[in-house]
Structure formats: C-alpha cells, structure tokens
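Sharing a structure below in structure tokens format, with a few things to ask.
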Amino acid sequence: MNSRILLYSFVFLSGFIFSKAQFEEKQILNVDEAFVLNTSFLENKIFISWNIKPGYYLYKKSILIKSGDDTIKHRYILKDESQISDEFFGESTIFKGALEVEAELIDVNLFKLQGIQVIYQGCAEGKYCYPKRIKSL
C-alpha cells in the first residue's frame, strides 16, 4: 500500500513540476509581432519586407501577392533561406531574419488591378504554426 502511495505521489509531483515549467516558457508572439510586415510602392513596383523575429520562420511556398484572383509575380531580393523537414509539409524552404520581396506591376492590367493582398504563413520553431495571414494593402 505504501509503495502505491509513493508511486502516485511521484507521478503527481513530476507532472506538476513539468507542467509548471511549460507555462514559465516565454509566450509565443502574436503573428504581427513575429512577422513585422512593411510595404512601399515606387512607380510600378511593390516592395514588401518582413522582419522575422528570432525563433520564427516563414514558408516560402506560402508567400503570395494577389490582386483579386490574379497572382502577381514576385522575386526575392533579400533573404535568409534554408531547408527543413516539416512534419506537416514535408521538405520545405523557409525564411528567417529579414526578407524582402519585389513585385512589378508591368504585366498586370492596371485597369483590372483590385485591392492587393499579401498572403503568408509561418511558425514559431518547434511550438506553433500560425494560420495563413492575409493583409490588404
């Protein structure tokens, strides 16, 4: 009987200690703090940049710039790119640190140009993946 009480006490105490450590860990940033987005327009170009906080990353394949249903082609100017093996998305290219994207509006029909949206998705390393984020410019 005493060994059962000792065993239950040990299980309860260890669970309590480890659960407390989990809550003492730093909080996960909200999406706008983790991925600080800045945009600017210059003539026929859109410049979009992210300041990605340490411990967070963006998925390359999630980054889209859209006008209505049309996707606007873009290129990466400044990037810290690496590969990871993701349990949900498999082999993935991610960005950390600073990221800058340029999109030209030359091939876009300016008369059809509707509200421009930037779509992206990222994660806190080993903790949490955010849903896709859509920002209207």
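Scan (1) closer than 20 Å to CYS129 by Cα; (2) surrounded by 15 or more Cβ atoms within 10 Å (Cβ to Cβ) for the single condition ASN51 breaks and write down its number.
All conditions are met except number (2).
Could you please find all residues in segment 93-122 being outside any strand (DSSP E or B) and modelled with pLDDT of 95 or more?
LYS96, GLY97, GLN121
In the set TYR57, TYR76, which member is of a type in the set (Ser, Thr, Tyr), touching a residue at least 40 places away in the same chain (Cβ under 8 Å) and not in a loop (DSSP other than H, G, I, E, B)?
Answer to the selection: TYR57.
Ok, one more. Filter segment 23-54 for residues that are farther than 28 Å from PHE88 by Cβ, assigned to a strand (DSSP E or B) and of a type outside the set (S, T, N, Q) and give the result.
PHE41, LEU42, LYS45, ILE46, PHE47, listed by residue number.
Quick one: ILE106 ticks every box in (1) surrounded by fewer than 13 Cβ atoms within 10 Å (Cβ to Cβ); (2) among the aliphatic types (A, V, I, L, M); (3) in contact with a Ser or Thr (Cβ under 7 Å, 6 or more places away or on another chain) bar one, so which box is it?
So the condition that ILE106 fails would be (3).
For ILE52, are the conditions met, namely being modelled with pLDDT of 95 or more and touching a strand residue (DSSP E or B) at 6+ places or on another chain (Cβ under 9 Å)?
yes
Inside segment 68-97, can you point out the residues that are small (Gly, Ala, Ser), surrounded by 13 or more Cβ atoms within 10 Å (Cβ to Cβ) and closer than 27 Å to PHE41 by Cβ?
Of everything in segment 68-97, just one residue is small (Gly, Ala, Ser), surrounded by 13 or more Cβ atoms within 10 Å (Cβ to Cβ) and closer than 27 Å to PHE41 by Cβ, namely GLY97.
The values are calculated or read from the model by the stated rules, or taken from the named source; none is laboratory data. The shown structure was predicted, so the numbers you read here are calculated from the model rather than taken from an experiment. Cβ coordinates were reconstructed from backbone atoms using ideal geometry, including for glycine residues, and neighbour counts include every protein chain displayed.
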